[in-house]
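Trainee: Got a structure for you, written out below as C-alpha coordinates; questions coming shortly.
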Amino acid sequence: MTNALITGWGMYAPSRVMTNDDLAELVDTNDEWIVTRTGIRERRIAADDETTTSMSVNAARDALAVAGLDPAELDLVIVATCTPDYPLPATSVTVASALGARHAAGFDLQAACSGFLYAYATGSSFLASGMYRNVLVIGVEILSRFLDWTDRSTCVLFGDGAGAVLLQASDQHGGLLGVDLFSDGTGCEAIIVPAGGTVRPASVETVEARQHKIRMLGSEVYKYATRQMGESALAALRNAGLTVDDIDQFVFHQANLRIINSVQRQFGIPDDKTFVNIAKYGNTSAASVPMALVEAVGSGRVHPGDRVLMVAFGGGYTAGGAVIEWTADPARALLAPGEQTRMGRPQQSLAGAAV
Ligand code: UT7
(Lines give C-alpha, C1' and ligand atoms only; values in the text may rest on other atoms or scores of the structure.)
Protein backbone atom coordinates (compact mmCIF):
# COMPACT_ATOMS: atom_id res chain seq x y z
CA MET A 1 0.00 0.00 0.00
CA THR A 2 1.41 3.39 -0.99
CA ASN A 3 0.83 6.20 1.50
CA ALA A 4 1.05 9.95 0.84
CA LEU A 5 3.21 11.39 3.60
CA ILE A 6 3.77 15.08 4.29
CA THR A 7 7.55 15.40 4.11
CA GLY A 8 7.82 19.16 3.65
CA TRP A 9 5.78 22.17 4.74
CA GLY A 10 6.02 25.94 4.50
CA MET A 11 4.00 29.10 4.65
CA TYR A 12 4.21 32.71 3.62
CA ALA A 13 2.44 35.75 5.04
CA PRO A 14 3.00 39.18 3.50
CA SER A 15 4.82 41.54 5.83
CA ARG A 16 2.24 44.35 5.63
CA VAL A 17 0.04 44.21 8.74
CA MET A 18 -3.43 45.75 8.79
CA THR A 19 -4.86 46.08 12.28
CA ASN A 20 -8.50 46.49 13.28
CA ASP A 21 -7.71 50.11 14.12
CA ASP A 22 -6.39 50.60 10.58
CA LEU A 23 -9.74 49.31 9.27
CA ALA A 24 -11.65 51.67 11.53
CA GLU A 25 -10.11 54.49 9.48
CA LEU A 26 -11.65 53.05 6.29
CA VAL A 27 -15.13 51.89 7.40
CA ASP A 28 -17.52 52.30 10.32
CA THR A 29 -16.13 49.56 12.55
CA ASN A 30 -14.02 49.15 15.67
CA ASP A 31 -11.55 46.75 17.28
CA GLU A 32 -14.03 45.62 19.93
CA TRP A 33 -16.70 44.56 17.37
CA ILE A 34 -14.23 42.70 15.19
CA VAL A 35 -12.51 40.90 18.07
CA THR A 36 -15.68 39.83 19.86
CA ARG A 37 -17.55 38.79 16.69
CA THR A 38 -14.65 37.08 14.90
CA GLY A 39 -11.47 36.76 17.01
CA ILE A 40 -9.50 38.66 14.35
CA ARG A 41 -7.02 41.32 15.55
CA GLU A 42 -5.00 41.87 12.38
CA ARG A 43 -4.46 40.45 8.91
CA ARG A 44 -1.71 40.52 6.29
CA ILE A 45 -2.08 42.40 3.01
CA ALA A 46 0.01 41.55 -0.06
CA ALA A 47 2.31 44.28 -1.37
CA ASP A 48 1.48 45.69 -4.79
CA ASP A 49 4.24 43.69 -6.44
CA GLU A 50 3.21 40.39 -4.86
CA THR A 51 1.12 37.92 -6.82
CA THR A 52 -0.61 34.63 -6.12
CA THR A 53 2.31 32.97 -7.90
CA SER A 54 5.01 34.77 -5.90
CA MET A 55 3.33 34.01 -2.57
CA SER A 56 2.89 30.34 -3.57
CA VAL A 57 6.54 30.11 -4.56
CA ASN A 58 7.68 31.50 -1.18
CA ALA A 59 5.67 28.88 0.71
CA ALA A 60 6.58 26.08 -1.71
CA ARG A 61 10.34 26.75 -1.61
CA ASP A 62 10.31 26.25 2.15
CA ALA A 63 8.27 23.03 1.81
CA LEU A 64 10.76 21.67 -0.73
CA ALA A 65 13.74 22.73 1.41
CA VAL A 66 12.31 21.02 4.51
CA ALA A 67 11.95 17.78 2.52
CA GLY A 68 15.26 18.27 0.72
CA LEU A 69 13.63 17.67 -2.66
CA ASP A 70 14.94 19.12 -5.91
CA PRO A 71 12.00 20.87 -7.67
CA ALA A 72 12.91 18.99 -10.85
CA GLU A 73 11.70 15.84 -9.05
CA LEU A 74 8.16 17.18 -8.67
CA ASP A 75 5.49 15.28 -10.64
CA LEU A 76 2.55 17.59 -10.00
CA VAL A 77 1.76 21.02 -8.56
CA ILE A 78 -1.81 21.67 -7.39
CA VAL A 79 -2.74 25.22 -6.42
CA ALA A 80 -5.99 25.68 -4.50
CA THR A 81 -7.15 29.27 -4.77
CA CYS A 82 -10.14 31.42 -5.62
CA THR A 83 -7.85 34.40 -6.27
CA PRO A 84 -5.60 33.21 -9.12
CA ASP A 85 -3.18 35.45 -11.01
CA TYR A 86 -5.48 35.27 -14.05
CA PRO A 87 -8.71 33.52 -15.07
CA LEU A 88 -6.43 31.91 -17.71
CA PRO A 89 -3.81 30.37 -17.47
CA ALA A 90 -3.65 28.35 -14.27
CA THR A 91 -1.48 29.77 -11.48
CA SER A 92 -0.04 26.29 -10.79
CA VAL A 93 1.76 26.36 -14.13
CA THR A 94 3.57 29.64 -13.44
CA VAL A 95 4.33 28.42 -9.91
CA ALA A 96 5.89 25.22 -11.30
CA SER A 97 8.00 27.21 -13.77
CA ALA A 98 9.19 29.66 -11.12
CA LEU A 99 10.19 26.76 -8.87
CA GLY A 100 12.10 25.01 -11.65
CA ALA A 101 9.69 22.06 -11.57
CA ARG A 102 10.31 21.33 -15.23
CA HIS A 103 8.83 17.82 -15.24
CA ALA A 104 5.70 18.67 -13.25
CA ALA A 105 2.08 18.74 -14.40
CA GLY A 106 0.01 21.54 -12.89
CA PHE A 107 -3.57 22.55 -12.39
CA ASP A 108 -5.58 24.89 -10.17
CA LEU A 109 -8.43 23.76 -7.98
CA GLN A 110 -11.27 25.99 -6.79
CA ALA A 111 -13.30 24.95 -3.79
CA ALA A 112 -13.19 28.31 -1.98
CA CYS A 113 -12.05 28.04 1.65
CA SER A 114 -12.19 24.22 1.44
CA GLY A 115 -9.79 24.24 -1.52
CA PHE A 116 -6.72 23.04 0.34
CA LEU A 117 -8.51 19.96 1.67
CA TYR A 118 -9.82 19.14 -1.82
CA ALA A 119 -6.29 19.60 -3.21
CA TYR A 120 -4.76 17.54 -0.42
CA ALA A 121 -7.20 14.67 -1.06
CA THR A 122 -6.57 14.92 -4.82
CA GLY A 123 -2.78 14.92 -4.39
CA SER A 124 -2.95 11.94 -2.03
CA SER A 125 -5.04 10.03 -4.59
CA PHE A 126 -2.42 10.57 -7.31
CA LEU A 127 0.17 9.04 -4.98
CA ALA A 128 -2.08 6.18 -3.78
CA SER A 129 -2.84 5.25 -7.40
CA GLY A 130 0.87 4.92 -8.13
CA MET A 131 0.74 7.54 -10.88
CA TYR A 132 3.03 10.05 -9.13
CA ARG A 133 5.59 10.05 -6.29
CA ASN A 134 6.07 13.77 -5.45
CA VAL A 135 3.12 16.17 -5.36
CA LEU A 136 3.18 19.76 -4.13
CA VAL A 137 -0.12 21.04 -2.71
CA ILE A 138 -0.55 24.77 -2.14
CA GLY A 139 -3.39 26.81 -0.64
CA VAL A 140 -3.00 30.51 -1.42
CA GLU A 141 -5.08 33.68 -1.58
CA ILE A 142 -4.75 37.38 -2.22
CA LEU A 143 -8.27 38.18 -1.08
CA SER A 144 -7.40 41.83 -0.44
CA ARG A 145 -7.68 42.43 -4.21
CA PHE A 146 -11.26 41.10 -4.22
CA LEU A 147 -12.54 42.98 -1.18
CA ASP A 148 -14.91 45.93 -1.28
CA TRP A 149 -13.07 48.27 1.10
CA THR A 150 -16.31 50.20 1.64
CA ASP A 151 -18.23 47.13 2.87
CA ARG A 152 -17.60 46.63 6.59
CA SER A 153 -19.46 43.32 6.60
CA THR A 154 -16.73 41.67 4.50
CA CYS A 155 -13.54 43.75 4.42
CA VAL A 156 -12.76 43.20 8.10
CA LEU A 157 -12.82 39.41 7.76
CA PHE A 158 -10.27 38.39 5.17
CA GLY A 159 -6.49 38.41 4.69
CA ASP A 160 -3.73 37.19 2.38
CA GLY A 161 -1.37 34.23 2.76
CA ALA A 162 -0.05 30.94 1.43
CA GLY A 163 0.66 27.48 2.80
CA ALA A 164 2.23 24.48 1.09
CA VAL A 165 2.84 20.81 1.80
CA LEU A 166 4.93 18.33 -0.14
CA LEU A 167 3.34 14.87 -0.40
CA GLN A 168 5.65 11.95 -1.12
CA ALA A 169 4.80 8.32 -1.82
CA SER A 170 5.99 5.92 0.86
CA ASP A 171 5.45 2.36 2.12
CA GLN A 172 5.66 3.73 5.67
CA HIS A 173 2.37 3.89 7.58
CA GLY A 174 0.80 7.35 7.91
CA GLY A 175 -0.53 10.21 5.83
CA LEU A 176 -4.21 10.35 4.95
CA LEU A 177 -6.30 8.03 7.16
CA GLY A 178 -9.78 9.23 6.22
CA VAL A 179 -11.35 12.01 4.21
CA ASP A 180 -14.76 13.47 3.41
CA LEU A 181 -15.51 16.14 0.81
CA PHE A 182 -18.88 17.90 0.56
CA SER A 183 -20.64 20.42 -1.66
CA ASP A 184 -24.07 22.08 -1.78
CA GLY A 185 -24.69 24.53 -4.61
CA THR A 186 -27.77 25.98 -2.96
CA GLY A 187 -25.27 28.23 -1.15
CA CYS A 188 -24.04 29.75 -4.44
CA GLU A 189 -25.29 33.25 -3.72
CA ALA A 190 -24.24 33.29 -0.05
CA ILE A 191 -20.54 33.93 -0.76
CA ILE A 192 -20.02 35.18 -4.27
CA VAL A 193 -18.04 37.40 -6.63
CA PRO A 194 -21.03 38.16 -8.86
CA ALA A 195 -19.26 39.31 -12.05
CA GLY A 196 -16.29 38.36 -14.19
CA GLY A 197 -17.57 34.90 -15.08
CA THR A 198 -19.90 33.75 -17.84
CA VAL A 199 -23.08 34.79 -16.03
CA ARG A 200 -22.02 38.45 -15.82
CA PRO A 201 -18.94 39.09 -17.96
CA ALA A 202 -16.83 42.08 -16.99
CA SER A 203 -18.19 45.42 -18.21
CA VAL A 204 -18.03 49.05 -17.20
CA GLU A 205 -21.32 48.52 -15.37
CA THR A 206 -20.09 45.51 -13.38
CA VAL A 207 -16.98 47.41 -12.32
CA GLU A 208 -18.98 50.48 -11.32
CA ALA A 209 -21.37 48.29 -9.30
CA ARG A 210 -18.40 46.63 -7.51
CA GLN A 211 -19.59 43.24 -8.72
CA HIS A 212 -16.02 41.94 -8.97
CA LYS A 213 -15.73 42.05 -5.20
CA ILE A 214 -16.70 39.41 -2.62
CA ARG A 215 -20.23 39.60 -1.22
CA MET A 216 -21.35 37.50 1.70
CA LEU A 217 -24.54 36.87 3.63
CA GLY A 218 -22.61 36.53 6.88
CA SER A 219 -25.17 35.23 9.33
CA GLU A 220 -26.59 32.64 6.87
CA VAL A 221 -23.08 31.37 6.19
CA TYR A 222 -22.33 31.35 9.91
CA LYS A 223 -25.26 29.03 10.69
CA TYR A 224 -24.48 26.64 7.85
CA ALA A 225 -20.74 26.62 8.60
CA THR A 226 -21.24 25.86 12.30
CA ARG A 227 -23.35 22.80 11.48
CA GLN A 228 -21.36 21.59 8.46
CA MET A 229 -17.92 21.84 10.11
CA GLY A 230 -19.16 19.35 12.72
CA GLU A 231 -20.68 17.06 10.07
CA SER A 232 -17.51 17.07 7.98
CA ALA A 233 -15.37 16.36 11.03
CA LEU A 234 -17.55 13.37 11.94
CA ALA A 235 -17.64 12.05 8.37
CA ALA A 236 -13.84 12.15 8.08
CA LEU A 237 -13.50 10.42 11.45
CA ARG A 238 -15.98 7.71 10.36
CA ASN A 239 -14.00 7.12 7.17
CA ALA A 240 -10.82 6.79 9.22
CA GLY A 241 -12.51 4.42 11.70
CA LEU A 242 -11.65 6.83 14.53
CA THR A 243 -13.43 8.98 17.11
CA VAL A 244 -12.85 12.51 18.41
CA ASP A 245 -10.87 11.07 21.34
CA ASP A 246 -8.33 9.53 18.92
CA ILE A 247 -7.32 12.97 17.58
CA ASP A 248 -4.28 14.75 19.02
CA GLN A 249 -4.69 18.11 17.27
CA PHE A 250 -7.59 19.80 15.46
CA VAL A 251 -6.81 22.27 12.67
CA PHE A 252 -10.00 24.06 11.67
CA HIS A 253 -10.53 26.61 8.91
CA GLN A 254 -9.90 29.99 10.53
CA ALA A 255 -13.05 31.91 9.47
CA ASN A 256 -14.44 32.92 12.83
CA LEU A 257 -13.28 32.02 16.36
CA ARG A 258 -16.92 31.64 17.40
CA ILE A 259 -17.42 28.92 14.75
CA ILE A 260 -14.31 27.09 15.98
CA ASN A 261 -15.43 27.41 19.62
CA SER A 262 -18.88 26.12 18.71
CA VAL A 263 -17.40 22.95 17.14
CA GLN A 264 -15.15 22.55 20.19
CA ARG A 265 -18.19 22.71 22.47
CA GLN A 266 -20.14 20.28 20.27
CA PHE A 267 -17.45 17.60 20.64
CA GLY A 268 -15.85 18.60 23.95
CA ILE A 269 -12.49 19.43 22.33
CA PRO A 270 -10.12 21.22 24.73
CA ASP A 271 -8.17 24.36 23.72
CA ASP A 272 -4.80 22.62 23.89
CA LYS A 273 -5.96 20.31 21.07
CA THR A 274 -7.31 23.15 18.91
CA PHE A 275 -4.86 25.23 16.97
CA VAL A 276 -6.01 28.82 16.42
CA ASN A 277 -4.15 31.62 14.61
CA ILE A 278 -7.09 33.67 13.29
CA ALA A 279 -6.11 36.67 15.43
CA LYS A 280 -2.98 37.22 13.30
CA TYR A 281 -4.23 36.45 9.79
CA GLY A 282 -8.04 36.65 9.60
CA ASN A 283 -9.75 34.39 7.10
CA THR A 284 -7.26 33.47 4.37
CA SER A 285 -9.66 31.07 2.64
CA ALA A 286 -7.76 28.23 0.91
CA ALA A 287 -4.54 29.25 2.70
CA SER A 288 -6.05 29.09 6.17
CA VAL A 289 -5.79 25.34 6.89
CA PRO A 290 -2.22 24.86 5.56
CA MET A 291 -1.02 28.02 7.34
CA ALA A 292 -2.57 26.78 10.58
CA LEU A 293 -1.09 23.31 10.08
CA VAL A 294 2.38 24.75 9.48
CA GLU A 295 2.15 26.94 12.57
CA ALA A 296 0.75 24.08 14.66
CA VAL A 297 3.76 21.96 13.70
CA GLY A 298 6.14 24.87 14.26
CA SER A 299 4.76 25.58 17.71
CA GLY A 300 5.46 22.02 18.86
CA ARG A 301 1.84 20.88 18.98
CA VAL A 302 2.24 18.07 16.42
CA HIS A 303 4.59 15.12 16.87
CA PRO A 304 5.39 12.03 14.79
CA GLY A 305 2.57 9.50 15.25
CA ASP A 306 0.00 12.18 16.12
CA ARG A 307 -3.37 12.16 14.41
CA VAL A 308 -4.47 15.54 13.10
CA LEU A 309 -8.00 16.35 11.93
CA MET A 310 -8.25 19.23 9.45
CA VAL A 311 -11.73 20.64 8.71
CA ALA A 312 -12.75 23.43 6.34
CA PHE A 313 -15.91 25.13 5.14
CA GLY A 314 -16.36 27.67 2.37
CA GLY A 315 -18.21 29.25 -0.51
CA GLY A 316 -20.26 27.04 -2.78
CA TYR A 317 -21.04 25.75 -0.23
CA THR A 318 -18.10 23.38 0.07
CA ALA A 319 -16.63 21.59 3.06
CA GLY A 320 -14.09 18.91 3.83
CA GLY A 321 -12.49 16.96 6.61
CA ALA A 322 -9.26 14.95 6.55
CA VAL A 323 -7.66 12.84 9.27
CA ILE A 324 -3.93 12.43 8.84
CA GLU A 325 -1.21 10.69 10.77
CA TRP A 326 1.78 13.04 11.01
CA THR A 327 5.08 11.26 10.37
CA ALA A 328 7.76 13.91 9.79
CA ASP A 329 10.21 15.25 12.35
CA PRO A 330 8.96 18.81 13.14
CA ALA A 331 12.57 19.84 13.77
CA ARG A 332 13.17 19.63 10.02
CA ALA A 333 11.40 22.99 9.65
CA LEU A 334 13.70 25.80 8.59
CA LEU A 335 12.71 28.27 11.25
CA ALA A 336 12.56 28.01 15.00
CA PRO A 337 9.14 27.22 16.55
CA GLY A 338 7.05 30.37 16.77
CA GLU A 339 8.90 31.90 13.83
CA GLN A 340 7.16 29.96 11.11
CA THR A 341 6.03 33.01 9.19
CA ARG A 342 8.26 33.64 6.23
CA MET A 343 8.54 37.37 5.72
CA GLY A 344 10.52 39.19 3.10
CA ARG A 345 10.16 42.74 4.32
CA PRO A 346 10.03 44.60 7.60
CA GLN A 347 6.51 45.02 8.95
CA GLN A 348 4.71 48.21 8.19
CA SER A 349 1.33 49.39 9.35
CA LEU A 350 -1.30 50.29 6.79
CA ALA A 351 -2.89 53.04 8.85
CA GLY A 352 -4.40 55.54 6.47
CA ALA A 353 -2.98 53.79 3.42
CA ALA A 354 -5.17 53.28 0.38
CA VAL A 355 -5.50 49.56 -0.35
O1 UT7 B 1 -14.68 31.31 5.06
C2 UT7 B 1 -15.90 31.15 4.41
C3 UT7 B 1 -16.99 31.03 5.36
N4 UT7 B 1 -17.26 32.28 5.99
C5 UT7 B 1 -17.67 32.29 7.23
O6 UT7 B 1 -17.71 31.25 7.83
C7 UT7 B 1 -18.15 33.56 7.82
C8 UT7 B 1 -19.40 33.30 8.59
N9 UT7 B 1 -20.06 34.47 9.16
C10 UT7 B 1 -19.53 35.13 10.22
O11 UT7 B 1 -18.43 34.86 10.65
C12 UT7 B 1 -20.37 36.20 10.89
O13 UT7 B 1 -21.69 36.11 10.40
C14 UT7 B 1 -19.84 37.64 10.68
C15 UT7 B 1 -18.57 37.83 11.47
C16 UT7 B 1 -19.60 37.89 9.22
C17 UT7 B 1 -20.87 38.64 11.19
O18 UT7 B 1 -21.15 38.40 12.57
P19 UT7 B 1 -22.66 38.36 13.07
O20 UT7 B 1 -22.63 38.16 14.53
O21 UT7 B 1 -23.37 37.30 12.24
O22 UT7 B 1 -23.16 39.80 12.77
P23 UT7 B 1 -24.36 40.28 11.81
O24 UT7 B 1 -24.00 40.08 10.39
O25 UT7 B 1 -25.64 39.66 12.29
O26 UT7 B 1 -24.39 41.83 12.12
C27 UT7 B 1 -24.70 42.32 13.43
C28 UT7 B 1 -24.60 43.82 13.42
C29 UT7 B 1 -25.35 44.48 12.27
O30 UT7 B 1 -25.90 45.68 12.76
P31 UT7 B 1 -27.47 45.78 13.15
O32 UT7 B 1 -28.21 45.42 11.89
O33 UT7 B 1 -27.65 44.78 14.24
O34 UT7 B 1 -27.61 47.20 13.58
C35 UT7 B 1 -24.28 44.80 11.27
O36 UT7 B 1 -24.62 45.88 10.45
O37 UT7 B 1 -23.24 44.21 13.24
C38 UT7 B 1 -23.14 45.14 12.17
N39 UT7 B 1 -21.84 44.97 11.55
C40 UT7 B 1 -20.73 45.62 11.97
N41 UT7 B 1 -20.53 46.49 12.98
C42 UT7 B 1 -19.25 46.96 13.16
C43 UT7 B 1 -21.50 44.18 10.49
N44 UT7 B 1 -20.19 44.29 10.23
C45 UT7 B 1 -19.69 45.17 11.13
C46 UT7 B 1 -18.41 45.69 11.37
N47 UT7 B 1 -18.22 46.56 12.39
N48 UT7 B 1 -17.32 45.32 10.63
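The values are calculated or read from the model by the stated rules, or taken from the named source; none is laboratory data. Every value quoted in this text rests on a predicted model; they were computed, and no experiment measured them. Note that each Cβ is placed from the backbone with ideal geometry, even for glycine, and that neighbours are counted across all protein chains shown. To get the accessible areas, we keep the full protein, side chains included, count just its heavy atoms, and leave off ligands, DNA and RNA. Shrake-Rupley method; radii C 1.70, N 1.55, O 1.52, S 1.80 Å.
Trainee: If you plug each phi of the range 178-193 into the Karplus form 6.51 cos²θ - 1.76 cosθ + 1.60 with θ = phi - 60°, what whole-Hz ³J(HN,Hα) values come out, in order, with x for Gly and Pro?
Mentor: Coupling constants for the range 178-193: x, 9, 9, 10, 9, 8, 8, x, 5, x, 3, 7, 6, 9, 8, 9 Hz.
Trainee: Oh, and also: If the only charges are +1 at each Lys and Arg Cβ and -1 at each Asp and Glu Cβ, what is the size of the charge dipole of the range 1-112 around the Cα centre, to the nearest 20 debye?
Mentor: The calculation lands at about 380 debye.
Trainee: Give me the percent of the accessible area of the chain that comes from carbon and sulfur atoms, probe 1.4 Å, all protein chains in place.
Mentor: 51 percent
Trainee: For Asp245 and Asp329, what does the FRET efficiency come to when R0 = 22 Å and r is the distance between their Cβ atoms, rounded to the nearest 0.05?
Mentor: Given R0 = 22 Å and the Cβ-Cβ separation, E is 0.30.
Trainee: As a test of the definition: which semi-axes, in Å, follow for the range 53-199 when you take the square root of five times each eigenvalue of its alpha carbon gyration tensor? Largest first, please.
Mentor: Semi-axes, largest first: 28, 18, 14 Å.
Trainee: Given Cβ point charges of +1 (Lys, Arg) and -1 (Asp, Glu) and nothing else, what value in debye, to the nearest 20, does the dipole of the range 177-325 about its Cα centre take?
Mentor: 400 debye
Trainee: Averaging the inverse of every distinct alpha carbon separation and then flipping it gives the Kirkwood radius. What is it for the chain, in angstrom units?
Mentor: Computed over Cα pairs of the chain, the Kirkwood hydrodynamic radius comes out at 20.0 Å.
Trainee: For a quick check, take a GNM of the chain with Cα springs below 10 Å and name the residue from Thr29, Thr318, Thr91 with the largest mean-square fluctuation.
Mentor: Fluctuation is largest for Thr29.
Trainee: Restricting to Cα pairs below 8 Å that are 6+ residues apart, what does the relative contact order work out to for the chain? Please round to a whole percent.
Mentor: Normalised by residue count, the contact order of the chain is 27 percent.
Trainee: So if the hydrodynamic radius of the range 183-238 is defined as the Kirkwood radius over C-alpha pairs, what does Stokes-Einstein give as its diffusion coefficient at 25 °C and 0.890 mPa s, in µm² per second?
Mentor: 186 µm²/s
Trainee: Points 7 angstrom from Cα along the Cβ direction at Ala209 and Phe267: gap in nanometres?
Mentor: Using points 7 Å along Cα→Cβ, the separation is 4.1 nm.
Trainee: Just name one of Val294, Gly39, Phe126: the one whose Cα is farthest towards the positive end of the charge dipole of the chain (beta-carbon charges, Lys/Arg +1, Asp/Glu -1).
Mentor: Result: Phe126.
Trainee: Which listed residue (Ser232, Phe313, Ile214) has the Cα farthest towards the positive end of the charge dipole for the range 177-325, taking +1 on Lys and Arg C-beta and -1 on Asp and Glu C-beta about the Cα centre?
Mentor: It is Ile214, whose Cα lies furthest towards the positive end.
Trainee: Further question on the same structure: Per residue of the range 300-311, what does 6.51 cos²θ - 1.76 cosθ + 1.60 with θ = phi - 60° give for ³J(HN,Hα)? Whole Hz please, x for Gly and Pro, Karplus curve as stated.
Mentor: Taking θ as phi minus 60°, the curve returns x, 8, 10, 10, x, x, 6, 9, 10, 10, 9, 9 Hz for the range 300-311.
Trainee: Using Cα pairs under 8 angstrom and six or more residues apart, how large is the relative contact order of the range 177-325, in percent?
Mentor: Normalised by residue count, the contact order of the range 177-325 is 37 percent.
Trainee: Given only helices, namely DSSP H runs of n ≥ 4 each adding -39500 (n - 2.57), what is the per-residue ellipticity at 222 nm of the chain, to the nearest 500 deg cm²/dmol?
Mentor: -9000 deg cm²/dmol
Trainee: Right, next: Kindly report the accessible area of the chain per residue (heavy atoms of protein chains, probe 1.4 Å, no ligands, DNA or RNA), in Å².
Mentor: 40 Å²
Trainee: While we're on this one: Which ³J(HN,Hα) values in Hz, rounded to whole numbers, follow from the phi angles of the range 101-112 under the Karplus curve 6.51 cos²θ - 1.76 cosθ + 1.60, where θ = phi - 60° and Gly and Pro get x?
Mentor: 8, 7, 10, 8, 7, x, 8, 8, 9, 10, 9, 6
Trainee: So what are the radius of gyration and Dmax for the Cα set of the range 177-325, in Å?
Mentor: 16.9, 55
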